[in-house]
Amino acid sequence: MDQTTANEDLLFEVRNGIGWATFNRPQARNAFTFAMYERLAAICEKANEDRSIKVIVFQGAGDKAFASGTDINQFRAFKTPQDALEYEGRIDRVLTTMEQCRVPTIAAISGACTGGGAGIAACCDMRIGTKTTRIGFPIARTLGNCLSMSNLSRFAALVGPARVKDLIFTARLVGAEEAAAVGLLNEVVEDHAALQHRANELATLIAGHAPLTLAATKQALARLTRRLSREEGEDLILSCYMSQDFREGMDAFLNKRPPQWKGA
């Protein structure tokens, strides 16, 4: 995919000091291509350099999905252990860039927020949703892959290890009310229109506050929690991505049939 296509799939504009990043593949439930992940990192790097940007809001086009994770077609070329490790390395690099972005970040979540989309939301400083918001990692019933150590660290820091196990073992999507109760969402509004209004209102409020205070707070809280690296879990990544089950999960997902797991 060329850069022009990536720019069309992930729109970015700045209005009154607020950056608006829109995942723009509503026909694919805003699933991410590899080029979109790279553009996401580039947007955060731009905010690090451009002092006129005070806050970034991340949102999905339409009201059906924030982002439904990585486009499954991106996995079809996987053949070697290096393919799997490079993929997880890319995701970790992009999400770390996003997490360490200088400015406060807000995820405005309408509809499905799953897989890599949930990972993106977890990297944001604040998350607001609507009554249709659903968050989770359904990988145990879809692809049969696993999260990297750094992604597991992020979610365990947000909601605790027991709830991470609950979400992944059951493969369920958490509704807005439960998400707010456990800390996945900071607040819930009525619908997509109200979400956009509230995101703008919140971003405008934060943009008017002392930038050094906000940046120092982000850095201090990041230092409180050690993130395990992807390398510390490479054996776990390979055990899933190189398995027959992962191939079966991909084929079943793309052909809209239930997977037949073998544990191998």
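Things worth noting here:
- Residue in region 127-145 that is touching a strand residue (DSSP E or B) at 6+ places or on another chain (Cβ under 9 Å), crowded, with 23+ Cβ neighbours inside 10 Å and closer than 21 Å to Ile237 by Cβ present: yes
- Among residues of region 225-242 that are within 22 Å of Lys262 (Cα to Cα), those with a beta-carbon under 9 Å from a residue that is in a loop (DSSP other than H, G, I, E, B) and modelled with pLDDT under 85 at least six positions away or on a different chain give the pairs Tyr241/Phe78; Met242/Phe78.
- For region 176-190, the set of residues classified as touching a Lys or Arg at 6+ places or on another chain (Cβ under 7 Å), surrounded by fewer than 18 Cβ atoms within 10 Å (Cβ to Cβ) and touching a residue at least 24 places away in the same chain (Cβ under 8 Å) consists of Asn186, Glu190, listed by residue number.
- Selection within region 1-45 - closer than 28 Å to Ala84 by Cα and of a type in the set (Lys, Arg): Arg25, Arg29, Arg39
- Members of region 117-126 that are surrounded by fewer than 24 Cβ atoms within 10 Å (Cβ to Cβ) and either touching a His at 6+ places or on another chain (Cβ under 9 Å) or outside any strand (DSSP E or B) (or both): Ala122, Cys123, Cys124, Asp125
- Which numbered condition Ala122 fails, given (1) within 18 Å of Gly183 (Cα to Cα); (2) more than 10 Å from the chain's Cα centre (by Cα); (3) not β-branched (Val, Ile, Thr): (2)
- Residue in region 18-40 that is of a type in the set (A, V, I, L, M), surrounded by fewer than 22 Cβ atoms within 10 Å (Cβ to Cβ) and over 17 Å from the mean Cα position of the chain (by Cα) present: yes
The values are calculated or read from the model by the stated rules, or taken from the named source; none is laboratory data. What you see is a predicted model; the values in this text were computed from it and never measured. No Cβ is skipped: glycine too gets one built from the backbone with ideal geometry, and neighbour counts run over all protein chains shown.
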